[in-house]
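Enquirer: Below is the structure I would like to discuss, written out as structure tokens.
The values are calculated or read from the model by the stated rules, or taken from the named source; none is laboratory data. Everything quoted here is computed from the prediction, not taken from an experiment. Positions of Cβ are generated from backbone atoms using ideal geometry, with glycine treated the same way; all protein chains shown enter the neighbour counts.
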Amino acid sequence: MTAPLPVRRVALPRLVSGWSAALILLLEFGFFALVLAPRGGGPHTFANAGNVALILKYSSIYGIAAIGASMIIGAGGIDLAPGAVIALASVVTGDLFVVGGWPLWAACLAGVGVGLGSGALAAVLVIAASLPPFIATLGVMGITRGAAFLITEGRFYDLSARLAPETAPLGIALSFWPGVIMLVLTIVFQMIMRRTALGRHILATGGNEVAARYAGVRVKRVKAFVYVSGGALAALSGVVLAVVQGQGKADVAGGYELDIIAAAVVGGASLSGGRASVVGAVIGSLIFGVLRNALAQFPRGTFLDRLILGVAVLVIVVMDRLATRERS
Amino acid sequence: MDKLGIVDLKSAIAALMLLAMATGCSRPADGPRKLRFAIIPKALHIPVFDYARTGAERAAQRLGGIDILWRGPETTDEIRQKEILESFIAQRVDGVAISCLNGDLLTDAIDRAVDGGIPVVTFDSDAPKSKRLAFYGVNDIEAGRALGDGLAGLLGGRGRVALITSLGADNLQKRLDGAREALARYPEVHIVETYDIRDDALRVAEVIAVGTQRHPDLDGWLSVGGWPVFMRNALDPIDPAHTKFVAFDTIPPAPDLLRSGKVQLLVGQKYFGWGEESVRLLKAIHDGEQPAEVYHYSGIDVVTRDNVDAYAEQWKRWESGTQD
Amino acid sequence: MRREEACQRYDQTLGQPLLVGAGISVRYHATAALDEVDLDVYPGEVHAVVGENGAGKSTLLRGIAGAVRLSAGSIRVPVGTRIEWVPQETELPPDLRVSEWLFLARELRGKLRRLRQRAMQEATSAALAAVGCTADPQASLRSLAVTQRKQVQLARALCGRPDLLLLDEPTAVLGQAETQVLFGAVCAQRKRGSGILYVSHRLEEVRAIADRVTVLRDGRRVSTDPITAVDTATLVRRMVGRDLAPRVRGGAPLGSAALELVKVAVAHVRGLSLTVRRGEVVGLAGLVGAGRSEVLEGITGLRPLRSGHMKLGEAPVLVPEDRASKGLIRTLNLRHNLFLPSPGWRLHPRRERTEARHWIERLRIRAPGSEAVIDSLSGGNQQKLLLARALRRQPALLLLDEPTAGVDVAVKAEIHDLIRQLAEAGAPVVLASSDLPELLALCDRILVLHDGEVAGELTAGEASETRLAALMTGAAVSAVASPQSRAESE
């Protein structure tokens, strides 16, 4: 009666989504490499190691924070604070290092601590006060950005004055640190999401919080984890920004949260919860990073920044949704 | 007697009346009240305005009897700035000095203030169609020309250059126009690209890096704003031996960059002057002296490595208020 | 019976068919949910569709309603035929009000296209009354109990004045009284000349309400007959493909107490005292809103106890009702849902896959494999998955809330077997159900709740449907009546 049906792996939709982001990235890079190829020989200004290093460096500010965003979205929440947290972390690190005279590692740790704090605040608001995450993180965004302005009163901290240009912690030049950190964190958090129970519980919570709770998942702990680590990751972005770019300022990263969320969504996160990919989010941030870099290489390209990025998000997400619907 | 908790009603009313009188009466029993001048920068986070504030407060101290109300939008939010201006009009301050994010947007609010008896002056960024009584600042077109001429001079009148700006602000656009005008007079100078960095400090660094990638043989960069000289590491990709960099604004740490040779020429404004002159003008208007003409061009400071030390000395004097 | 014969009999009396389906096929991934099914529905007939889990009944209705695309075949209806579909699931937009939902996309408008709120509210009240629903037209859908949601779905469908009404397990979440009202509404539709396609697992109901019955098995049509021409045993045999012997409960000595509740108050339930011993199956009966689910949630700790105390041996495991919203997580696949929550901190996918296959076999879950997408499983298989999830944890106390809702005869029997096996193995079971025969068949004792209070407790020997119903409704007179719909309509 119940003849066993052929066993087939039907987990394709999620897997392909992660792969499709990588595919988009490769196609995009290839496209620009073609279009920006130098006419009449000469070195390629886009497809060379130095430029790739640049892309990695500037994408990392978004990418590190996008890792946190993808986990939060996977858990069914959302975070509007990353841009403001990046700013506050850069300000705190700058203040402690330049004015307070703290050693660099201590100032950096304090900067990350800022993110732990803001993440904890978001967690308390969402879990204890049951505020919708949109509202809660909107509030955190205002508080952190406001705090950054309060501390700086319009000034900025010039970290580069106190950092020797040849600074190379652990033998890696400062310029490469953002990319290295992003890579390491991608691996770590991808492992957490795919190989640990916590990762599964995060996606369960996002997929159907009620059912997850009934099944015995500790939903409150899951939410606390994603918001606190999301805050810490955004703060780490800010610390990296401050140290590598040499400036701590209250108005940096304005509006970055939208790019960060877009990177996570392009990488496979579903805003209705339950689906997310850390690797995808990082690839998403690279997709936008390649786009920003390439735009700057087109004549008058930078004037189209916002427009092109907006269109790109729409195109990629629509394509992805259509592809997913065909499969199911 | 009715009780509100532990306080009975009559005492409560008495206390409230006392409180109202105390806050309502801001003037002391003797002496004239202080003049309240509102000074509104473009945004609180733009570093150049800090010095304007210092200048304003020193002038207030020197002239006496003046309170400076320093308020501005946190970010370059035009509507928020208009809100702040209107709030000061409602508070009936004695004078307003403002650096306009969008002069046209603020025009009718400024007109209302002036018609209502509140004198308004602008500094740094003007609202030319409005009834403001004076404008103090650089002539942005002249300033742009100085940048352009300065760069062309450094390049010996020949080479490929790139420009950096941020779309939106009127004064930046004027500087850009002035720079282009100046560079146009050198037929062997080619503008390879103009970059819009959306007022994003990180983007400026990225654009300089990518621009250097794209055009490795650039001879010079010209920035109509101070972003690259505030984020020092932004200039790392540039080799000063082959590529010259000129920029606007001379506030610290820009002079350091001149000394280290990363930047060859800076055009500075009279930052302290914005505050000082505005206060002086408003006080004068209050005393019955209308300004003879509207435009008070402050002049610019062109700083190179040769005169950077002298400039730094001068800066110290401005900062401590020992020189106007 | 061949299709031509069935058609001819009705052709003369009922006119043109409302629906003619030929060769209907729907394929999901590796499963053929429907395979070359022919079907027709005539005006004024109730055409029942029965079959075991995964036979394709819901898919058939989805195909007719247009919610799923056919892989092959055709469905033809006369132009302008109004079709209304009441799906099995009771998920509704939580923030809409009842009256807003009833008139969604069909709002009554007056001058300048303004909404006629009062007219809609009055119409809503009337529509709710017609299906026996006591909900407030202004209530939000979120606040409704499952039964009320089903009734609201029905009300909306009826408001559409359908020519063809598709009902998928409409009585799965309804109590006896509500079912009677439903039958009345169905008969009224029949009288106005609508055709009704009625999917149900409850063969007694089908016998009461239907004119013709089609049996589906493994996605194929097995037979279509007038209801008078087949008996229940034949239907079951065709559905299942084999004979099912009726089950008898065995007796076994009881062990120590696994759960003790003393004067417990949780949610609106109060004064509940109960002891459950190892090897026992204790039933919780009651109407919707009596508090059964709340009690189970209180035992698991999902709801705080307001007073009284509880002694538990080990942590109990709850299989909640309403598997769509409280049970399964659609964004995860079968294996992930099975291993929730994950023990330890590391995941072991290979071990999980092996164990998942074991559970699939043991509970005979029809699925394309351990990585199956939840949506590709039929309702009954989803329920089995939930049970597997609970059983995996080897619970010392198993709490089941409506474990056979929307599940058909054969699978129901399987689940009942499972419950008995568990009890005999020593794990006690507390079973909350609105299915009185189920309670009578399985339980050693049945506790009846009425409006948050314990109305009574009956042992297996004392209990009968009549007495249970009486306690449940709080009435001295029996509220149970056998369906008279056929007699009424003739």
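Enquirer: May I ask you to say which residue of C:PRO320, C:PRO368 is touching a strand residue (DSSP E or B) at 6+ places or on another chain (Cβ under 7 Å), surrounded by 17 or more Cβ atoms within 10 Å (Cβ to Cβ) and within 15 Å of C:LEU386 (Cα to Cα)?
Expert: C:PRO320
Each row is one residue, and each column tells you yes or no for (1) crowded, with 20+ Cβ neighbours inside 10 Å; (2) assigned to a loop (DSSP other than H, G, I, E, B); (3) touching a strand residue (DSSP E or B) at 6+ places or on another chain (Cβ under 6 Å).
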{"position": "B:GLN213", "(1), (2), (3)": "yes, no, no"}
{"position": "B:ASP217", "(1), (2), (3)": "no, yes, no"}
{"position": "B:LEU222", "(1), (2), (3)": "yes, no, yes"}
{"position": "B:VAL229", "(1), (2), (3)": "yes, no, yes"}
{"position": "B:PRO237", "(1), (2), (3)": "no, yes, no"}
{"position": "B:ALA247", "(1), (2), (3)": "yes, no, yes"}
{"position": "B:PRO252", "(1), (2), (3)": "no, yes, no"}
{"position": "B:PRO255", "(1), (2), (3)": "yes, no, no"}
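Enquirer: Taking the condition crowded, with 19+ Cβ neighbours inside 10 Å, over 17 Å from C:GLY184 (Cα atoms) and out of contact with any Cys (no Cβ under 9 Å at 6 or more places or on another chain), does C:VAL131 pass?
Expert: no
Enquirer: Hey, among the residues in region A:243-271 that are assigned to a helix (DSSP H, G or I), away from chain B (no Cβ under 13 Å) and of a type in the set (A, V, I, L, M, F, W, C), which one's surrounded by the fewest Cβ atoms within 10 Å (Cβ to Cβ)?
Expert: Looking at the filtered set, the residue picked out is A:LEU258.
Enquirer: Something else now. Would you check if C:SER74 is more than 27 Å from the chain's Cα centre (by Cα) and touching a residue at least 24 places away in the same chain (Cβ under 8 Å)?
Expert: Spelling it out, C:SER74 is indeed more than 27 Å from the chain's Cα centre (by Cα) and touching a residue at least 24 places away in the same chain (Cβ under 8 Å).
Enquirer: Same structure, new question: Counting only residues that are within 13 Å of chain A (Cβ to nearest Cβ), surrounded by 21 or more Cβ atoms within 10 Å (Cβ to Cβ) and part of a loop (DSSP other than H, G, I, E, B), how many does region C:290-317 have?
Expert: So the answer is 1.
Enquirer: I'd like to check something: does region B:212-219 contain any residue that is within 21 Å of B:ALA146 (Cβ to Cβ), more than 10 Å from chain A (Cβ to nearest Cβ) and under 29 Å from the mean Cα position of the chain (by Cα)?
Expert: no
Enquirer: I've got another one for you. Only one of these is within 18 Å of the chain's Cα centre (by Cα), under 22 Å from A:ARG221 (Cβ atoms) and aromatic (Phe, Trp, Tyr): A:PHE134, A:PHE176. Name it.
Expert: None of the other options fit; the residue is A:PHE134.
Enquirer: Going residue by residue through region C:351-369, is there one that turns out to be at the interface with chain A (Cβ under 9 Å from one of its Cβ atoms), in contact with an Asp or Glu (Cβ under 8 Å, 6 or more places away or on another chain) and farther than 16 Å from A:GLY207 by Cα?
Expert: Scanning region C:351-369, I find at least one residue that is at the interface with chain A (Cβ under 9 Å from one of its Cβ atoms), in contact with an Asp or Glu (Cβ under 8 Å, 6 or more places away or on another chain) and farther than 16 Å from A:GLY207 by Cα, so the answer is yes.
Enquirer: Looking at C:GLN153, C:GLN138, which one is in contact with a strand residue (DSSP E or B) (Cβ under 6 Å, 6 or more places away or on another chain) and without any contact (Cβ under 8 Å) to a residue 60 or more places away in the chain?
Expert: C:GLN138
Enquirer: Within region B:36-76, count every residue that is in contact with an Asp or Glu (Cβ under 6 Å, 6 or more places away or on another chain), at pLDDT 90 or above and aliphatic (A, V, I, L, M).
Expert: Residues meeting the conditions: 2.
Enquirer: When you go through (1) buried (at least 24 other Cβ atoms within 10 Å of the Cβ); (2) farther than 23 Å from A:VAL184 by Cα one by one for A:THR93, which number turns out not to apply?
Expert: (2)
Enquirer: Need the failing condition index for A:ARG218 against (1) within 14 Å of chain C (Cβ to nearest Cβ); (2) surrounded by 18 or more Cβ atoms within 10 Å (Cβ to Cβ); (3) of a type outside the set (Phe, Trp, Tyr), just the number.
Expert: Checking A:ARG218 against (1) within 14 Å of chain C (Cβ to nearest Cβ); (2) surrounded by 18 or more Cβ atoms within 10 Å (Cβ to Cβ); (3) of a type outside the set (Phe, Trp, Tyr), the one that fails is (2).
Enquirer: Considering each residue of region C:145-154, count those that are surrounded by fewer than 21 Cβ atoms within 10 Å (Cβ to Cβ) and more than 12 Å from C:ALA172 (Cα to Cα), and give that number.
Expert: Number of matching residues: 1.
Enquirer: Check whether at least one residue in region B:64-75 is under 22 Å from A:THR152 (Cβ atoms) and touching a residue at least 60 places away in the same chain (Cβ under 8 Å), and report yes or no.
Expert: yes
Enquirer: In region B:136-166, which residues are in a strand (DSSP E or B), more than 25 Å from B:THR76 (Cα to Cα) and in contact with a Phe, Trp or Tyr (Cβ under 8 Å, 6 or more places away or on another chain)?
Expert: B:VAL161, B:ALA162
Enquirer: Go through region B:41-83 and report how many residues are hydrophobic (A, V, I, L, M, F, W, C), within 12 Å of the chain's Cα centre (by Cα) and part of a helix (DSSP H, G or I).
Expert: Going through region B:41-83 one residue at a time, the tally reaches 3.
Enquirer: Would you mind stating whether C:VAL181 is within 14 Å of chain A (Cβ to nearest Cβ) and either surrounded by fewer than 23 Cβ atoms within 10 Å (Cβ to Cβ) or under 30 Å from C:GLY461 (Cα atoms) (or both)?
Expert: no
Enquirer: Can you tell me which residue is farthest from B:ALA205 (Cα to Cα) among those in region A:290-328 that are at pLDDT below 85, more than 9 Å from every other protein chain (Cβ to nearest Cβ) and surrounded by 14 or more Cβ atoms within 10 Å (Cβ to Cβ)?
Expert: A:THR324
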